[in-house]
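Undergrad: I'd like to ask you about the structure that follows.
The numbers here are math on the coordinates, done by the rules we state, and not lab data. Since the model is a prediction, treat every value here as computed from it, not as a measurement. We place every Cβ from the backbone using ideal geometry, glycine too, and count neighbours over all the protein chains shown.
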Amino acid sequence: MADIAIAPRRAKTEIREATAWDQLKHNPNWLGFWFMVPALAFLIFFLAYPLGLGIWLSFTDTRIGRVGAYVGTENYEWLWDDAIFWLSVFNTLLYTFVASAIKFGIGLYLALLLNENMPFKAMLRALVLIPFIVPTVLSALAFWWIFDSQFSIISWSLKQMGLITENINFLGDTTWARICVIFANIWRGVPFVAITLLAGLQTVSPSLYEAAILDGATSWQRFRFITYPLLTPIIAVVMTFSVLFTFTDFQLIWAMTRGGPVNATHLMATLSYQRAIIAGQLGEGAAIASAMIPFLLAAIMVSWFGLQRRKWQQGESND
Amino acid sequence: MTDLPTSRIDLKAVLHSSAPTIAKDDHSEGMSYLQSVPRRMVTLYLPLSIIVVVLLFPFYWMGLTAIKPDEQLLDLDRYNPFWTWNPTFKHFYKLLFESHYPMWLWNTMYVAVCATILSIIASVLAAYAIVRLRYKGANLVGGLIFLAYLVPPSILFIPLATVVFQYGLFDSPMALILTYPTILIPFSTWLLMGYFKTIPFELEECALIDGASRWQILIKIVLPLAIPGLISAFIFCFTLCWNEFIYALTFLQSTSNKTVPVAIVNEFVDGDIYRWGSLMAGALAGSLPLVILYAFFVEHYVSAMTGAVKE
């Protein structure tokens, strides 16, 4: 009976055999490949290939307008004896550590403050993020003007208050120049740290705090044993980004000091630009840039394994 | 049982607010500090306002310098530098009608829009394939794309300069339009992956059963549902492009091709003693488009920033 009922219908619309093309059209690997093509093309031609090329260039004596020959580790040997290079390494490490540590401290503090209940909360949060929106170079120019040797508003204010008698030579003195660029970097980085940590803070359930208050925990204990452990994963990610972008910073320094005075604020990125593009020694510049890679890998490793350990401690499933 | 703790907290809070001295005497923290106004002043409003003032002061200074007449700029003795009573738009006028500034603004805008659109298209396809097609090795590719996010432009600009030169793109906006996506694609792919994951898989299954192809599903079902994510990605990418400096500095040479950040640093910094006014006017005019965009899309912006970090 059932066969009779179905038979005429089957005769009308015959089910087509799935051709090889049909199968291919629904094969996730084949489709996935075509969906990935645009993104991978960009990343391979303009990221992976140049990355490899950069390492290769660091082993050659290429100059602008001249193809170089393989010279082995000569560039690195030069750099090993180059006091300016080591100064730039020192500057970069100093800049990264000091700026990142202070950015973390102030950023976390600001996030905790913004997490409180108060009037105009949304507007305050929006205002805080503005330094991060404005192009770094343009705000660096504002700092250049604020730290001007003759017409600095800071010098003027301090003089009016009677604290100093002479203008401070902010960007002309080696120590002051370092302090100024680090300050500008912190100024720009704090909003990012604060707003991302604030997003993490908002995911912490208030009931945990209520329970802790009932148990008589002080506000420091609540921060130390509830907020901080729950925030660790996001802190690890945010600080990785912060350290990475501080370590490879270029534009802030270039707009404010260009590495001066007497190379006191030269970072590895600015030094490699100066050697490669301005002096034309592409090979040597590439060697300086490649020398940054081990530091970056170390930073990524530290935060990555820190992150993994925390996840495991909290018993979260790794998704 | 469950409402017992809350009622106790309320009681405690009420108690402390009516008698704040008790909180001081027994040193118990409780929730009392939330209630007393003077303490809140010191622990919350004072530090917060100091930080906010420091964060915003450079913009105030930028704006003030841009509208100050020249003679007031450099004379700190006769005029109070923190305010001006006779603002002038001379610097802006000079900027807009006597320099290449409008052209630089146009270049920046053009490069940013093109690079952003290219990257969003590529990222939408990539993110959809990684999250929903789940081809072989999708997780590995996702991980590699995240690693690409961690490769900074500072170690790429030297080899990229030679690549750009080889492809004949040197000193043309195309050089930037094609290289910026390497910064933008990893970021926006991760952001969009997060968004696509939140769209119920059942919707796609329904469409598949109705005979829709993957392409139709992406265009007609997934994308309309992911519009907030697309806006976030677009705005953030646009901001990153506008902010980019080292590639633009290295790949562009002629004055008329430059983008705003590079042009301001290189072309405006000359021997003119009164340059500060026009320099700050240029910095302000270069920042305003982004700040206005940001003002309209604050929520999207924040979700873009935190979304990419959380993943």
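Undergrad: Just flag the GluC sites (Glu not before Pro) in segment A:41-116 sitting in loop per DSSP whose Cβ has no more than 13 other Cβ atoms within 10 Å.
TA: Within segment A:41-116, the qualifying GluC sites (Glu not before Pro) (loop, at most 13 other Cβ atoms within 10 Å) are A:GLU116.
Undergrad: For segment A:243-294, what relative contact order do you get, as a whole percent, if you take Cα pairs closer than 8 Å and at least 6 residues apart?
TA: 25 percent
Undergrad: About its Cα centre, what dipole magnitude does chain B give when the only charges are +1 on Lys and Arg Cβ and -1 on Asp and Glu Cβ, stated in debye to the nearest 20?
TA: Its charge dipole is roughly 440 debye.
Undergrad: Over chain B, what is the relative contact order in percent, taking alpha-carbon pairs closer than 8 angstrom and at least six residues apart?
TA: Relative contact order here is 26 percent.
Undergrad: Turning to a different aspect of this structure: Just checking the output field for A:196-208: average partner chain Cβ neighbours within 10 Å of each residue's Cβ?
TA: Other-chain Cβ atoms within 10 Å of each residue's Cβ, averaged: 2.
Undergrad: For peptide B:182-190, compute the average count of partner chain beta-carbon atoms within 10 Å of each residue's beta-carbon.
TA: Per-residue shielding by partner chains comes out at 3.
Undergrad: Can you tell me how segment A:17-57 classifies by the Cα gyration tensor, rounded, prolate or oblate, using a/c under 1.5 as the rounded cut?
TA: prolate
Undergrad: Also, I was wondering about something else. Using the number of other C-beta atoms within 10 angstrom as an exposure proxy, rank B:HIS300, B:HIS100 with the fewest first.
TA: Taking fewest neighbouring Cβ atoms as first place, the list is B:HIS100, B:HIS300.
Undergrad: Rg over Rh of chain B, using C-alpha atoms and the Kirkwood radius, what does it come to?
TA: 1.11
Undergrad: Please give the residues of segment A:266-306, grouped as numeric ranges, whose backbone N is less than 18 Å from a label point set 7 Å along the Cα-to-Cβ vector of A:ARG66.
TA: Output list for this probe position: A:275-287.
Undergrad: Nearest 0.05, what FRET efficiency do B:ILE50 and A:LYS25 give at R0 = 60 Å with Cβ-Cβ as r?
TA: Working from the Cβ atoms, E equals 0.45.
Undergrad: Still on this structure, please answer the following. Got a sec? How would B:CYS114, B:CYS241, A:CYS180, B:CYS206 order by Cβ neighbour count within 10 Å, fewest to most?
TA: Listing B:CYS114, B:CYS241, A:CYS180, B:CYS206 from fewest to most nearby Cβ atoms yields B:CYS206, B:CYS114, A:CYS180, B:CYS241.
Undergrad: What helices in chain A pass both tests, a Cα length along the helix axis of 18 Å or more and a mean Kyte hydropathy of 1.0 or higher, using whole DSSP H runs?
TA: Membrane-span-like by this rule: A:28-43, A:83-114, A:174-201, A:228-247.
Undergrad: Ranking B:SER123, B:SER256 by Cβ neighbours within 10 Å, fewest first, what do you get?
TA: B:SER256, B:SER123
Undergrad: Within segment A:12-91, which trypsin sites (Lys or Arg not before Pro) sit in a loop by DSSP and count at most 16 neighbouring Cβ atoms inside 10 Å?
TA: The qualifying sites are A:ARG16.
Undergrad: Right, something else. Under a plain spin-label model, where a point goes 7 Å from the Cα along Cα-to-Cβ, how far apart in nm are B:PHE82 and B:GLU267?
TA: The two pseudo-label positions are separated by 3.7 nm.
Undergrad: Given only helices, namely DSSP H runs of n ≥ 4 each adding -39500 (n - 2.57), what is the per-residue ellipticity at 222 nm of the protein assembly as shown, to the nearest 500 deg cm²/dmol?
TA: About -21500 deg cm²/dmol.
Undergrad: Within 10 Å of each Cβ of B:58-64, how many other protein chain Cβ atoms are there on average?
TA: Mean inter-chain Cβ contacts per residue within 10 Å come to 5.
Undergrad: Send over the per residue convex hull volume for the protein assembly as shown, Cα only, as a whole number of Å³.
TA: Dividing the Cα hull volume of the protein assembly as shown by its residue count gives 230 Å³.
Undergrad: Which of rounded, prolate, oblate describes chain A, given a ≥ b ≥ c as roots of the alpha-carbon gyration tensor eigenvalues and a/c under 1.5 marking rounded, otherwise prolate only if a/b is larger than b/c?
TA: Oblate.
Undergrad: What does the C-alpha gyration tensor say about the overall shape of segment A:142-203? Classify as rounded when a/c is under 1.5, otherwise prolate if a/b is larger than b/c, or oblate.
TA: Because a/c hits 1.5 or more and a/b exceeds b/c, segment A:142-203 counts as prolate.
Undergrad: Can I ask one more? If you take the alpha carbon radius of gyration of segment A:121-238 and divide it by 2.2 N^0.38 Å, what ratio comes out, to two decimals?
TA: The value comes to 1.50.
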